[in-house]
1. Hey, how many Å between the Cα centroid of the range 130-156 and the Cα centroid of the range 255-282?
2. How much net charge surrounds Leu172 when only other residues with a Cβ under 14 Å from its Cβ are counted (Lys, Arg +1; Asp, Glu -1)?
3. Which of the GluC sites (Glu not before Pro) found in the range 243-329 are loop residues per DSSP with 15 or fewer other Cβ atoms within 10 Å of their Cβ?
4. Can you tell me the order of 290-297, 362-369 when each peptide is scored by its average per-residue count of other Cβ atoms within 10 angstrom, highest first?
5. In nm, to one decimal, how far is the Arg67 label point from the Asp404 one, both placed 7 Å along Cα→Cβ?
6. Placing +1 at every Lys and Arg Cβ and -1 at every Asp and Glu Cβ, with all other atoms neutral, what dipole size does the range 316-381 have around its Cα centre, in debye to the nearest 20?
Amino acid sequence: MAFFMLPNIVEYACVCGLLQPLTKLYFCRHCMKLRCGFCVCHEVDSHFCSNCLENIPSSEAKIRKNRCNTCFNCPSCQHTLSVRASSAAVPVTPATTTAGGGTPTGDEQKIEGIRDSSSAVPEKQVIRKMYYLACLNCRWSSRDVGIPDQTVATGQWPEPEYANATRFSMLLEHYQSVVLLEKQEKQELWRRKTPKQSKFPSLTDRTGLTVSMIRRQMGWSDKTQIKQTPPKINESVASETVDQLPADIFSKEICLNNVTTLQQRLGQPAKQPFTVNKLFPQHKLLSIKRSLRCRQCDHNVIKSEYNPSSIKYRIAMFAAYHVPEVRFVKCEPLRKGQDAVLFLKIVNPTINDMTITIMELPTEEDERLMIEELKLAAESSASASLTIGALSTSLTKQATLLEDPRLVDQKLTGTFRLPDSSFVINHRDDSAEFDEVVQSQQEDPKFIIWRKANHVAMKLAVQPTAECTSEEDIVIGFSLQYTYVNTVVEKSSTPTKSPQRQALTTRIYLNLGKMESEVAATDVTT
């Protein structure tokens with residue numbers, strides 16, 4: 001069970017040793033392991049605007065500084081601004097075109113000038129639609145800061161001018177050239193340190209024909225990149241001259257309604273306005289669609305659709321879809337030295353029957369052996385993924401970064417009696433809720449008190465330990481072994497091979513709350 005603002009009652013142990021609720025874990029069907037947010041690699045698939053749903057390539061999003069050109073946020077409350085229309089009278093000048101549609105001649109211009117000077121006719125006005133930006137939450141509008149209305153709803157709204165914009169652009173170009181120079185030096189150093197494949201290089205290697213052919217096959221230019229030294233810029237020098245404070249700074253009353261808040265100033269870091277009348281609309285930040293990849297086997301765990309308006313997933317390996325869910329129902333008051341009944345519910349989310357076995361947690365020595373095996377498996381996979389290429393480091397695959405496994409940092413303050421046998425949970429069937437046929441009763445162990453569809457309720461006897469105090473939470477843990485049907489068919493296997501059924505184990509910890517105080521227990525008995 002996972003809560004948004006409350007502590008989690010049921011937590012699962014990840015491979016790395018962290019405890020997370022089932023809703024925050026992922027399941028890799030290739031490694032057969034649970035993965036948390038630190039055990040997966042986060043990759044950005046696409047950029048899009050959450051308001052207009054425009055899909056923007058990553059290169060263009062970098063140029064736009066990860067902001068949308070057409071959508072704006074309110075500088076006062078950070079909500080999305082909407083375009084509002086209003087009617088306004090706009091003066092229209094008379095057309096000065098000839099009958100043929102060409103430009104007027106010199107004599108015609110003189111005649112028109114005489115007519116205009118002789119008869120003072122008022123200018124004609126036409127009512128047109130004008131558009132402005134307004135916030136429906138705090139009633140802020142672009143008219144408050146003097147931004148003129150536009151004739152088109154998707155018009156280009158004027159951008160504020162910043163005093164240090166040129167200085168920032170020069171610094172950006174300078175450091176970009178510095179990064180490019182350092183990258184070229186690293187590539188050249190890596191090329192020199194790369195060992196030759198043969199003792200006696202051929203003539204083509206000496207002349208560079210092989211490298212040229214490879215670059216042409218990859219679509220690169222044959223021209224070698226010339227090292228460009230970064231341009232020199234004027235260094236910033238601290239000035240001792242400081243503007244004096246106004247004389248009425250301590251005596252003048254301040255209206256807080258006209259002063260910007262810290263959030264409003266940080267929303268416009270280039271200007272950081274002090275008063276409200278200098279707030280300008282902010283371009284809306286772009287959203288991303290990301291995919292999650294297992295760090296050990298490099299297979300996708302989560303892959304979303306490319307279309308921004310779609311909320312579906314191509315690959316959705318959430319742990320809640322493959323691992324049995326343990327739910328806490330209720331527990332009797334816990335007292336030291338007395339058994340209390342704990343009611344749990346286990347749900348099978350898969351379309352295959354599961355055989356469940358509840359066992360004790362592994363000892364500390366067993367956990368250390370498991371951690372050593374995981375480290376050896378991670379090192380072997382990382383060494384296999386590293387390849388020594390002859391092109392550049394950008395083309396070679398980088399080493400996988402794995403979260404260092406650790407022991408589970410959870411102290412057990414309660415014990416319980418293990419069930420004496422295993423039991424089977426039926427598969428998930430969405431139509432079973434609407435089926436009027438009564439299910440056949442099957443013989444269950446004594447600890448199972450209720451069964452319906454893919455839900456099973458069971459009761460266990462729980463007792464706090466002798467070292468537990470009334471201020472500590474009663475935490476129990478157990479290993480849950482379940483059968484999983486692997487539907488992934490390996491390439492080496494035959495196409496007619498049936499899905500394999502494997503027994504997987506996960507560690508589960510339950511927080512049952514605090515123990516009942518002795519004073520309250522004596523009051524109840526009296």
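Every number in this text was worked out from the coordinates using simple rules, so none of it is lab data. Model, not experiment: these values are computed from the prediction. Counting neighbours? That spans all protein chains shown, and the Cβs are built from the backbone with ideal geometry, glycine included.
1. Measuring centre to centre over Cα atoms gives 18 Å.
2. With Lys, Arg at +1 and Asp, Glu at -1, the net is +2.
3. Working: sites: Glu253, Glu305, Glu325; in loops: Glu253, Glu305.
Counting only loop positions with at most 15 other Cβ atoms within 10 Å, the GluC sites (Glu not before Pro) in the range 243-329 are Glu253, Glu305.
4. 290-297, 362-369
5. 4.1
6. With only Lys, Arg, Asp and Glu charged at Cβ, the dipole is about 540 debye.
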